[in-house]
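Following: one structure in structure tokens, then a few remarks.
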Amino acid sequence: FSLGAMSMVASRSSARAPEKGVFPLDHFAECKQLADAYLKCLNQNDGEAVPCKQLSKLYLVCRMEKNLMLKQDLAELGLDGILPAQPEKAS
């Protein structure tokens, strides 16, 4: 083993799985419009997520409804009390 290979092995072994597990990809783009609207909102707000919370909620609800993630109480995700908003149409 070279020194570079040893450091690669060490970095792989220290990687941790995501806290919530693996999320299936949205292969059929069932929630793509919401994802695009959320990303556009982040861009327009210099990466600040707070102004985009309504879109985040809509996106996660879509993923839950389409079985792309486990159903979870929105309060646990910090999204309770966020009123739903209609996403902007993707251009």
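The values are calculated or read from the model by the stated rules, or taken from the named source; none is laboratory data. All of these numbers come straight from a predicted model, not from anything done at the bench. Glycine gets a Cβ as well: all are built from the backbone with ideal geometry, and neighbour counts include every protein chain shown. What goes into the accessible areas is simple: the full protein's heavy atoms, side chains included, and nothing from ligands, DNA or RNA. Shrake-Rupley method; radii C 1.70, N 1.55, O 1.52, S 1.80 Å.
Observations, loosely collected:
- Residue list for the range 56-72, restricted to those being open to solvent by less than 30 Å² (accessible area, probe 1.4 Å), of a type in the set (A, V, I, L, M, F, W, C) and under 17 Å from residue 82 (Cβ atoms): 62, 64
- Only residues that are touching a Ser or Thr at 6+ places or on another chain (Cβ under 8 Å) and exposed (fewer than 13 other Cβ atoms within 10 Å of the Cβ) were counted across the range 28-55, and they come to 1.
- Elements of type helices (runs of 4 or more DSSP H) contained in the chain, each with 3 or more residues being modelled with pLDDT under 90: 3-13
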